[in-house]
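The values are calculated or read from the model by the stated rules, or taken from the named source; none is laboratory data. Since the model is a prediction, treat every value here as computed from it, not as a measurement. Neighbour counts run over all protein chains shown; Cβ positions are idealised from the backbone, glycine included.
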Amino acid sequence: MLIQESSIDVATKSGGDMRIFLFHPSIPNYPKAKFPGVVVFSEIYQVTGPVSRFARQIASQGYIVAAPSSYHEFTGPEALAYDGPGTDAGNAWKIAKKVEAYDEDATLAVDALLKLDTCTGKIGATGMCLGGHLAYRCALDPRVLSSVCYFATDIHSHSLGLGLNDDSLQRAGDIKGELLLIFGKMDNHVPSAGRDLIRKTLHEAGVLFSFYEVAWAQHAFIRDELSKGRYDPAIAGICFEMLKELFSRTLSSTLGPRSGEEVEIEDVC
C-alpha cells in the first residue's frame with residue numbers, strides 16, 4: 001500500500017501550534033477509499049526517524065496515522081537528537097508540560113483524524129516510552145477503541161508532567177476500549193513491582209486488556225536506531241503482529257459496540 005505524507009499545524013491552548021505529521025495510505029484508482037485512524041505518540045525525542053518508520057508500518061496496513069509533536073510549548077516540531085543534550089531536553093520538557101496539555105494534544109490529534117473525509121471514524125492509539133503512557137491516556141477518550149502501549153513509562157509512579165502527580169492509574173476505570181500493554185522484563189524504567197501494579201489496577205478496574213512481558217527485553221527494544229544495543233527486531237516484529245491483530249479486530253472489522261457481558265469460561269481441556 002502506498003503512503004502519502006503531509007503535516008498540519010494545529011493551535012493549542014497550552015502554547016504554540018502543534019505539528020501533526022500525517023501518514024495516509026493510498027490505493028491507486030480508489031480515490032474515495034476510507035481508513036480507520038491511529039494516533040502514534042512519540043518518545044521524549046518527538047517524531048524521530050524510528051517513530052516515522054513505525055508510523056509508516058502502521059499506515060501500510062490501511063490506517064491513517066497522526067503523529068503529534070509533543071513539545072510545541074517549548075520548541076519547534078523538529079526531532080531531538082538521540083544524544084545527551086537531546087535526552088536532557090526531552091526529559092526536562094516531559095515533566096515541565098502539564099498533564100492537561102498532554103490530554104489536549106491527544107484530543108486535537110483525534111479531532112484531526114475525525115475531520116478527514118477519508119477516515120471511517122474508528123480511532124486507535126499507540127506509542128512507545130512516553131508515547132506509551134500518552135497512548136494509555138488517549139484511551140481515556142471514549143472515541144478511542146483500542147490502544148497499544150509499548151513500555152509505557154511513569155504510569156506506575158504517577159510521575160508524568162508538571163508536579164509529577166498524574167492520575168492515569170486512578171482513572172483506569174474510564175477506559176472503555178481495549179488495551180495491549182507490552183513491556184520488557186529487564187526494563188529498569190518500569191520495574192517488576194510497577195508492572196504488577198499496573199496489571200492489578202487494570203484488573204480491579206474491569207479494563208479489557210492484554211499484558212505481554214518479554215523475558216530478555218530492555219527499554220526501547222523496538223527502536224531500530226541508536227537503541228544502545230537493545231533493539232530486538234524479531235521480538236519487535238512479534239509485537240507488531242499483536243498490534244495488527246488488535247487494530248484489525250477493533251478498528252477495521254465491523255463488530256458493532258462491545259456489549260461488556262461476562263464470557264462463560266469452560267472448565268475443559
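Each row is one residue, and each column tells you yes or no for (1) touching a Cys at 6+ places or on another chain (Cβ under 6 Å); (2) among the small types (Gly, Ala, Ser); (3) part of a strand (DSSP E or B); (4) at pLDDT below 95.
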| site | (1), (2), (3), (4) |
| --- | --- |
| Pro31 | no, no, no, yes |
| Val38 | no, no, yes, no |
| Gln46 | no, no, no, no |
| Arg53 | no, no, no, no |
| Pro85 | no, no, no, no |
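Quick grid of which residues meet (1) surrounded by 15 or more Cβ atoms within 10 Å (Cβ to Cβ); (2) assigned to a helix (DSSP H, G or I):
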{"site": "Ser168", "(1), (2)": "yes, no"}
{"site": "Ile182", "(1), (2)": "yes, no"}
{"site": "Asp196", "(1), (2)": "no, yes"}
{"site": "Ser210", "(1), (2)": "no, no"}
{"site": "Glu241", "(1), (2)": "no, yes"}
{"site": "Ser259", "(1), (2)": "no, no"}
{"site": "Cys269", "(1), (2)": "no, no"}
In this structure, is Val39 under 25 Å from Leu246 (Cα atoms) and aliphatic (A, V, I, L, M)? yes
Here are the criteria: (1) closer than 30 Å to Gly84 by Cβ; (2) of a type outside the set (Phe, Trp, Tyr); (3) surrounded by 15 or more Cβ atoms within 10 Å (Cβ to Cβ); (4) touching a Ser or Thr at 6+ places or on another chain (Cβ under 8 Å). Tell me which single one Val214 does not satisfy. (4)
Of all residues in region 55-83, which are assigned to a helix (DSSP H, G or I) and not charged (D, E, K, R)? Ala55, Gln57, Ile58, Ala59
When region 137-152 is checked residue by residue, the ones that are touching a His at 6+ places or on another chain (Cβ under 7 Å) and touching a residue at least 60 places away in the same chain (Cβ under 8 Å) are Phe151
Taking Gly163 as the residue in question, decide whether it is small (Gly, Ala, Ser), surrounded by fewer than 14 Cβ atoms within 10 Å (Cβ to Cβ) and within 25 Å of Leu202 (Cβ to Cβ). yes
Condition test on Thr75, is it within 23 Å of Arg223 (Cβ to Cβ), of a type in the set (Val, Ile, Thr) and surrounded by fewer than 19 Cβ atoms within 10 Å (Cβ to Cβ)? yes
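If you check Ala33, Ala96, Ala106, which single one turns out to be hydrophobic (A, V, I, L, M, F, W, C), crowded, with 21+ Cβ neighbours inside 10 Å and in contact (Cβ under 8 Å) with a residue 12 or more places away in the chain? Steps first, answer last, please.
Numbers: Ala33 fails: crowded, with 21+ Cβ neighbours inside 10 Å; Ala96 fails: crowded, with 21+ Cβ neighbours inside 10 Å.
When all the criteria are applied, what remains is Ala106.
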